[in-house]
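Take a look at the structure set out below.
The values are calculated or read from the model by the stated rules, or taken from the named source; none is laboratory data. Values in this document were obtained by computation on a predicted structure and should not be read as measured data. Here the Cβ positions follow ideal geometry from the backbone for every residue, glycine too, while neighbour counts run over all protein chains shown. To get the accessible areas, we keep the full protein, side chains included, count just its heavy atoms, and leave off ligands, DNA and RNA. Shrake-Rupley method; radii C 1.70, N 1.55, O 1.52, S 1.80 Å.
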Amino acid sequence: MAQLLDGKRFSKKILEEIKERCEKENLKPGLAVILVGNDPASSVYVRMKEKKCKELGFVSKGYKLDCETTEEELASLIKQLNNDPEIDGILLQLPLPPHLDSKRMLELISPEKDVDGFHPVNAGKLLTGQSAFVPCTPRGIVELLKEYSIELEGKNVVIIGRSNIVGKPLAILMLNENSTVTICHSRTKNLKNVCSKADILVAAIGKPYFVSGDFVKEGAIVVDVGVNRVDSVESGERLFGKGSEKVEKIKEKGYVLVGDVNFEEAYLKASYITPVPGGVGPLTIAMLMKNTLESHLKRVKK
Ligand code: GUN
């Protein structure tokens, strides 16, 4: 049976350290968060980021733009924030509405304020081993594993998912830790077989309960990046079984949030596992705050 990797507790510790340092050294980092449109999940994430900023005493500027915002309007706001002396980090919440070109918009953010680490300059620096802003979720995963003294050197790490936000940058970070890395995706052959060889298995696919127990090697470490909303009783019954606690929750609340991993099955085989919620999610925000503080420190040259 597995030990839980408690991302919630660890993120609290990181945030307390940030707050203490800012108070002691009288630092006031600033984060601007831009949300275009009204995607409900994105709205929740943006609100959480703004709330954390306030708790830490950061300058927090939120911009909610309507669905019809043009590339020119968004570009103009980004340029304004690039020149705003109170702002150390600019976060453009993804996904953007389909008429906006995410790659082009992200490239407008000054690499010095790109606390998400999505700008090609920062992605390129990470790839070539130069100091750069590292995307928050992958950074959080590596820091969480280190917090639990989990050795990464020489380990077989299998990552399911090849996104620019999680899969690809995480693969580079793990390589830097001397792990042997495999990235899998929707076209991978014999996926279950590849995963079952992993010492560390990371699921970042966005499919509820996709990773069943037979993907997991006995004693493996399982990191679940997924946050999936299941809101139909029918899907719930198929995924979790009729009459299960989660199906009852869907009936009661209208939805349930679950990871990409079938937790109950994986828990029985893994040595360590991240829960959903309370695993990787809180760390993403903690790393965003850490990147913003680091950006501020670089700017004020402390
Ligand atoms: N959408 C989902 N995850 C993220 C993230 O880490 N940063 C931004 N900007 N958008 C996201």
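Overview of values
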{"read-out": "Residue match in region 131-143 (condition: more than 16 Å from the ligand (Cβ to nearest atom), under 22 Å from the mean Cα position of the chain (by Cα) and surrounded by fewer than 16 Cβ atoms within 10 Å (Cβ to Cβ))", "value": "yes"}
{"read-out": "Region 15-54, subset of a type in the set (Asp, Glu) and not in a loop (DSSP other than H, G, I, E, B), residue nearest to the chain's Cα centre (by Cα)", "value": "50"}
{"read-out": "Any hit, region 107-117, residues being free of Cβ contacts under 8 Å to residues at least 60 places away in the same chain, away from the ligand (no atom under 14 Å from the Cβ) and surrounded by 19 or more Cβ atoms within 10 Å (Cβ to Cβ)", "value": "no"}
{"read-out": "Residue in region 1-14 that is nearest to residue 261 (Cα to Cα), counting only those that are under 24 Å from the mean Cα position of the chain (by Cα) and open to solvent by 20 Å² or more (accessible area, probe 1.4 Å)", "value": "4"}
{"read-out": "Test: residue in region 55-62 that is at pLDDT 95 or above, aromatic (Phe, Trp, Tyr), within 14 Å of the ligand (Cβ to nearest atom) and more than 20 Å from the chain's Cα centre (by Cα)", "value": "no"}
{"read-out": "Residue match in region 146-161 (condition: buried (at least 19 other Cβ atoms within 10 Å of the Cβ) and touching a residue at least 60 places away in the same chain (Cβ under 8 Å))", "value": "yes"}
{"read-out": "Cross-chain or 6+ apart pairs with Cβ under 7 Å, region 15-37 first and over 22 Å from residue 97 (Cα atoms) and free of Cβ contacts under 8 Å to residues at least 60 places away in the same chain, then open to solvent by 10 Å² or more (accessible area, probe 1.4 Å) and aliphatic (A, V, I, L, M)", "value": "19/56"}
{"read-out": "Residue in region 271-302 that is least open to solvent (accessible area, probe 1.4 Å), counting only those that are in contact with a Cys (Cβ under 9 Å, 6 or more places away or on another chain) and hydroxyl-bearing (Ser, Thr, Tyr)", "value": "292"}
{"read-out": "Hits in region 83-95 (condition: within 16 Å of the ligand (Cβ to nearest atom) and either assigned to a helix (DSSP H, G or I) or surrounded by 14 or more Cβ atoms within 10 Å (Cβ to Cβ) (or both))", "value": "87, 88, 89, 90, 91, 92, 93, 94"}
{"read-out": "Matching strands (runs of 3 or more DSSP E) fully within region 162-270 where at least 2 residues are within 30 Å of residue 103 (Cβ to Cβ), open to solvent by 30 Å² or more (accessible area, probe 1.4 Å) and in contact with a helix residue (DSSP H, G or I) (Cβ under 9 Å, 6 or more places away or on another chain)", "value": "180-184"}
{"read-out": "Check on residue 127, within 15 Å of the ligand (Cβ to nearest atom) and open to solvent by 10 Å² or more (accessible area, probe 1.4 Å)", "value": "no"}
{"read-out": "Subset of region 276-299 (residues that are away from the ligand (no atom under 16 Å from the Cβ), touching a helix residue (DSSP H, G or I) at 6+ places or on another chain (Cβ under 8 Å) and either assigned to a helix (DSSP H, G or I) or under 18 Å from residue 207 (Cβ atoms) (or both))", "value": "293, 298, 299"}
{"read-out": "Near pairs, Cβ below 8 angstrom, 6+ apart or cross-chain, from region 69-94 (farther than 12 Å from residue 111 by Cα) to any residue that is open to solvent by less than 20 Å² (accessible area, probe 1.4 Å) and more than 16 Å from the ligand (Cβ to nearest atom)", "value": "84/30; 86/30; 87/30"}
